[in-house]
1. Rounded to the nearest 500, what is the chain's calculated 222 nm mean residue ellipticity when only DSSP H runs of at least 4 contribute -39500 (n - 2.57) each, over all residues?
2. Roll a 1.4 Å probe over the protein heavy atoms and report the accessible area of Ser151 in Å², nearest 10.
3. Starting from the residue with the highest accessible area, list Ser206, Ser264, Ser194 in decreasing order, probe 1.4 Å.
4. Suppose we keep just the DSSP beta bridges with both residues in the chain; what percent of those would be antiparallel, to 5?
5. Suppose we keep just the DSSP beta bridges with both residues in the stretch 152-297; what percent of those would be antiparallel, to 5?
6. Taking amide H positions as placed 1.01 Å from N in the peptide plane, with prolines and chain starts having none, which residues 5 or more places from Thr127, or on another chain, fall under 5 Å of its amide H?
7. Over the stretch 120-247, what is the mean sequence separation of C-alpha contacts under 8 Å (at least six apart), divided by residue count, expressed as relative contact order in percent?
8. Taking the dipole about the Cα centre of the stretch 179-297, with the C-beta of Lys and Arg at +1 and of Asp and Glu at -1, give me whichever of Leu261, Val208, Leu283 is farthest to the positive side.
Amino acid sequence: DRMKAGLSKSREKFQESINVLTFSGPDVDDDFWDNLEETLIMSDMGARAATKIVEEMKDTTQRKALANADAIMDVLCDRIADTFTVAKDGEGLDQDPLCLLLVGVNGSGKTTTAGKMAAEAKGNGKTVVLGAADTFRAAAIEQLEEWARRSDVTIVERERGSDPASVCYETLEVAEREGADLVVVDTAGRLHTSADLMRELQKVTSVVRKRAACPVMTVLVIDATTGQNGLVQARTFNDALDLDGVIVTKLDGTAKGGIALAISYELGLPILKIGVGEGIEDLRDFDAHDFARALTG
Ligand code: GDP
């Protein structure tokens, strides 16, 4: 499948380092654990998640004698999967109606993800409205228009330089009128300064939360290829906007897929979807077990 193929580089990197560890059967020694922890950190999973996973594995191996490498890999896979934060029941993307505010730096894949989300929901028979609230870049508005055309959904847009909060306001009005199941708002990823951007996004978020008659999720779109930098970005956005979840893009063709775990665990945010390509259908539901398998082989 596309996710498995997409994560092949992350998997290769992981396997290269795990292969040099010698599995010494039931009596796994300290060196092994230290090396495993380092392997996990090198896979961009983050020091905290790596330590947690290794501690839990030590515990499991003490309780059960793990005879071979396969058994240890199975436990590793389970531990990785369980380390992801999951969305609380009823607080995920299956809410209907739902308004999604996509935030993230330029180039992270926000507009593409908005288009993919719209196409997916439309394909499931839902009514979708897109809001072009990245009014800073004319290209962003045009790009979103193109996605709206492709999946034949309504788009609310104004000229470049308009107030993004009022675009959001209007988007929600239109959505209400059309009885939309899903509203996806694309926001700016760059202003003059990062502080300006956060202020604008805070304003947009607060307007949308006040105006929306449906649940609102503020979702960070993050490019996996940025690796550890992605964690720093995610923390900045989360501090400013109190995020509800994350969509990780460009998992195809990066060896840094482990960053999804670092962000999810360290910031306590569920991964809501993953992007595995540039095409309209290259968006996947996130399944922690599938992901852990695809990552570790
Ligand atoms: P934005 O600035 O955040 O709106 O980012 P865009 O949606 O314009 O995406 C930036 C670039 O990343 C575009 O060339 C997209 O085609 C590409 N892109 C987005 N998502 C993915 C993905 O999951 N995989 C790959 N390979 N490319 C992606």
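1. Taken over the chain, the calculation gives -16500 deg cm²/dmol.
2. Surface accessible to solvent at Ser151 totals approximately 10 Å².
3. On the way: Ser206 50, Ser264 0, Ser194 75 Å².
Most to least solvent-accessible, the answer reads Ser194, Ser206, Ser264.
4. Values: 3 of 30 bridges.
Taking every DSSP beta bridge with both residues in the chain, the antiparallel ones total about 10 percent.
5. 25 percent
6. Distant-sequence amide H within range of Thr127: Asp181, Leu182.
7. Answer for the stretch 120-247 is 25 percent.
8. After comparing all options, I get Val208.
The values are calculated or read from the model by the stated rules, or taken from the named source; none is laboratory data. Keep in mind that this is a model prediction, so the values were computed, not measured. All Cβ positions, glycine included, derive from the backbone under ideal geometry; neighbour counts span all protein chains shown. Calculation scope for accessible area: heavy atoms of the full protein, side chains included, ligands and nucleic acids excluded. Shrake-Rupley method; radii C 1.70, N 1.55, O 1.52, S 1.80 Å.
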